[in-house]
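Asks: Once you've had a glance at the structure underneath, I'll fire off some questions.
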Amino acid sequence: MAIAGGNDDRASNAAPVADAAQAAQAENAAQAGQTSQAENAAQAGQTSPVPLPGSAIDVARLRIAIARLSRRLRKHELAGLTPTQLSALSTVDKAGPLRLGDLAAAERIAPSTLTRLVSALEERGYVRRCAVPEDARASTLAITEPGHAVLERIRQETTSLLRESLLMLPPDQLAALAAALPALEHLADADPGDPPGR
């Protein structure tokens with residue numbers, strides 16, 4: 001089964017960045033002690049299955065696999081950015097220019113955290129503030145050329161790392177992953193507050 005990669009377009013490369021940043025939030029919870037015990041048990045082959053009603057999916061096993069894969073993809077150089085900063089920069093690149101309040105809502109972070117995050121990105125020259133003509137008190141955030149360039153490099157690196165991992169899988173598992181991609185994409189984009197089946 002052919003594996004795309006390397007020269008993928010921007011849209012296909014954006015997924016590893018967003019996925020890594022989203023999974024980072026779950027992994028931070030794990031490091032706070034919420035999931036470490038389950039992961040240690042999994043590595044020892046002692047995971048207690050947590051089935052999803054109406055399906056054969058072991059939720060705990062899936063969570064652990066996603067967290068471990070995310071951690072592997074983030075082992076490369078992130079241009080001095082934290083996963084939260086990387087996620088915000090990716091959002092500005094995708095949806096910007098954005099008002100600061102809209103960025104905070106999109107990233108689900110507090111205004112005080114956003115202020116520090118934006119300052120760090122500005123210091124590195126990855127974003128710039130733009131005045132809003134109709135509102136002198138407001139400003140929007142836009143990505144700069146250096147910011148866009150660093151995102152493209154990270155996307156290419158994470159895509160390459162993932163491709164190398166996929167090459168180790170047998171054809172039947174590659175086919176299973178290909179079939180699961182739509183479900184994984186929907187899962188990544190879904191709002192936890194959305195009703196099932198939306």
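We did not get these values from a lab; they are worked out from the coordinates using the rules stated. Here the structure is a predicted model, which means the values were calculated and not measured. A quick note on method: Cβ atoms are made from the backbone with ideal geometry, for glycine too, and the neighbour counts reach across all protein chains shown.
Asks: If a residue has to be surrounded by fewer than 17 Cβ atoms within 10 Å (Cβ to Cβ) and under 17 Å from S139 (Cβ atoms) to count, how many in segment 101-111 make the cut?
Replies: Summing the residues that are surrounded by fewer than 17 Cβ atoms within 10 Å (Cβ to Cβ) and under 17 Å from S139 (Cβ atoms) in segment 101-111 gives 5.
Asks: Considering each of Q173, Q156 in turn, give the residue that is over 20 Å from the mean Cα position of the chain (by Cα), of a type in the set (S, T, N, Q) and under 29 Å from A67 (Cβ atoms).
Replies: Within the list Q173, Q156, the selection yields Q173.
Asks: Has segment 75-96 got any residue that is loosely packed, with under 15 Cβ neighbours inside 10 Å and either touching a strand residue (DSSP E or B) at 6+ places or on another chain (Cβ under 9 Å) or of a type in the set (A, V, I, L, M) (or both)?
Replies: Yes, some residue in segment 75-96 is loosely packed, with under 15 Cβ neighbours inside 10 Å and either touching a strand residue (DSSP E or B) at 6+ places or on another chain (Cβ under 9 Å) or of a type in the set (A, V, I, L, M) (or both).
Asks: Let me ask something else. Could you please let me know if R116 is out of contact with any strand residue (DSSP E or B) (no Cβ under 6 Å at 6 or more places or on another chain), basic (K, R), at negative phi and surrounded by 15 or more Cβ atoms within 10 Å (Cβ to Cβ)?
Replies: So R116 fails the test.
Asks: Residue pairs, Cβ under 8 Å, 6 or more apart or interchain, first in segment 134-152 and acidic (D, E), second surrounded by fewer than 18 Cβ atoms within 10 Å (Cβ to Cβ). List them.
Replies: E152/R10
Asks: For segment 134-169, what are the residues that are buried (at least 17 other Cβ atoms within 10 Å of the Cβ) and of a type in the set (K, R)?
Replies: If the condition is that a residue be buried (at least 17 other Cβ atoms within 10 Å of the Cβ) and of a type in the set (K, R), then R155 is the only one that fits.
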